[in-house]
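One structure is given here, and the rest of the page talks about it.
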Amino acid sequence: MAMKMVLRGNMATAYAAKLARVEVIPAYPITPSTLFPEKISEFVANGELKCQFIKCESEHSAMSACIGASATGARVATATSSQGLALMHEVVFIAAGLRLPIVMAIGNRALSAPINIWCDHQDTIAERDSGWLQFYAEKNQETLDLMLMAFKICEDHRVLLPGMVGMDAFVLTHTMECVDIPEQEEVDRFLPPYKPVYKLDVNNPMTFGAFSSPDNYMEFRYAVHMAMESAVKVIDEVFEEFEKKFGRNYQRVVPFMVEDAEVILVTIGSMTGTAREAVRLLRSKGKKVGLLKITTLRPFPKDLLKKYLKDAKVVVVLERNISLGFGGAVYPEIAAVFANAARRPKIYDFIIGLGGRDIVVEDIVKVYEIAMDALKAKKAEMVEWIGVRKDEIEVIK
Amino acid sequence: MAFKSVKDVPLGPYCHLESTLINKTGEWRNMRPVLDRSKCIRCYICWKFCPDVAIKILPDGNIEHDYEFCKGCGICANECPKKAITMVREE
């Protein structure tokens, strides 16, 4: 019988790795992801998980070891955060180019400077173009479920790309919640062992990571892009199968009260729960507000965003990241969905909760009010920072 | 060799080992190592150091550069204790 446990998000992803029978876990600890390698080493020491746990000297080495291990055909997972992911950057792209389905749990944390260990999506947003699938969890149950599904999606021969599962630092990584742990037999039926197409094998030696001159490089990149596009269908299939087997529904984009909504908020990660409360509050006052949660940022869910947002008057993007010198990173992507549409909503961007600053219901209500004022004033564009004490700083003109 | 279509591109940048025999990297060379066999003491230090396995030991025990693969890095000339290898600019 399935078991319920009170777990931190990090622990839930460690349980997911155990249930997935991961064979190699190279890791280097970093706050707020340290509990993942801690729990894995405990599983290995207790004999609960048959797995090669490699203590590496840096995150760059950890990801390099992941690549080597995955190339031998093993199922591989690791975890990191912030500066650790930034140090992996170079090899993160190689994992995707080599088509290795490594799964990595990320405790989404702000990037330095100033040094800050709290929640912020900047670390994974900075790896957005790396060729890794990106999933974002809202609660601890989702960290476990998305991690399990990520293996199945990434290892599918139509995809064969690595994937990251983002969970908000501390809000999810360290907060305890009740998590349903599926039965091992059920997981085994859902997730059969990984079957590589090619692998490093002493009896059939091959070169992995060969060089490509200008006459072939674009074809390799195009193939990765096509695999990312194919992942859309595979994700939908796996989400459906997961719901049939485990009873929990997942969607690339999750709508909430959007049917007649004039204003639709778009969120990622744990702020979604707060935004849902704000939507309920505003609905109780007769405001036509809805909410979309993005679960998969890569592949980008343009089809679903178009479907849910096309009739809205205003789209309000709430982002825990900032592309300095422009605005949030998700806002231009949503704007691009409507770039050539005859009728399109106004799209406003709000930078909120950077470096772990709390996001409360009142903040979201304030965002709604600012967006409504902007709509009345027919503002063409807007990137607004919520909660910043900015009176003294002005742009030099 | 350019692939005809993306359909012909392998899953990733993988290949069987013969690709290292097909690509004649000797074409990249600017400086050519030239051996003065009268100075060579057959210590094979050059053979150990060559990063491209481009020095062959002949059946008679002499060494010979494989100019199809030698990229002209000059490590052999630098390591030779008898200064039997000189680097000469390619024409």
Selection from the range A:1-14 of residues that are more than 18 Å from the chain's Cα centre (by Cα) and buried (at least 22 other Cβ atoms within 10 Å of the Cβ): A:Leu7
query: Out of curiosity, is A:Leu265 over 17 Å from A:Tyr348 (Cα atoms), under 20 Å from the mean Cα position of the chain (by Cα) and in a strand (DSSP E or B)?
result: no
query: Does the range A:185-202 contain at least one residue that is under 20 Å from A:Leu304 (Cβ atoms) and assigned by TED's automatic domain parsing to the domain that holds A:Leu146?
result: no
statement: Just one listed residue, out of A:Thr207, A:Thr143, is of a type in the set (Val, Ile, Thr) and touching a Gly at 6+ places or on another chain (Cβ under 8 Å), and it is A:Thr143
Close pairs (7 angstrom Cβ cut-off, 6 or more residues apart or separate chains): at the interface with another protein chain (Cβ under 7 Å from one of its Cβ atoms) and on the phi > 0 side of the Ramachandran plot in the range A:195-224, assigned to a loop (DSSP other than H, G, I, E, B) and among the aliphatic types (A, V, I, L, M) anywhere: A:Gly209/A:Leu98
message: Only one of A:Asp311, A:Asp363, A:Asp358 is closer than 25 Å to A:Thr143 by Cβ, in a loop (DSSP other than H, G, I, E, B), out of contact with any helix residue (DSSP H, G or I) (no Cβ under 7 Å at 6 or more places or on another chain) and not aliphatic (A, V, I, L, M). Can you tell me which?
response: A:Asp358
field: Of all residues in the range B:16-46 being in contact with a strand residue (DSSP E or B) (Cβ under 7 Å, 6 or more places away or on another chain) and surrounded by 16 or more Cβ atoms within 10 Å (Cβ to Cβ), the one that is farthest from the other protein chains (Cβ to nearest Cβ)
entry: B:Cys40
- prompt: When you scan the range A:136-248 for strands (runs of 3 or more DSSP E) that lie fully inside it, which ones turn up with 3 or more residues that are among the hydrophobic types (A, V, I, L, M, F, W, C) and under 24 Å from A:Cys66 (Cα atoms)?
  reply: A:163-168
field: Only one of A:Ala105, A:Ala74, A:Ala96 that is over 19 Å from A:Asp358 (Cα atoms), within 14 Å of chain B (Cβ to nearest Cβ), touching a residue at least 60 places away in the same chain (Cβ under 8 Å) and hydrophobic (A, V, I, L, M, F, W, C)
entry: A:Ala96
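The values are calculated or read from the model by the stated rules, or taken from the named source; none is laboratory data. Note that this is a predicted model, so its numbers are computed, not measured. In this analysis, Cβ positions are derived from the backbone assuming ideal geometry, glycine residues included, and neighbour counts consider all displayed protein chains.
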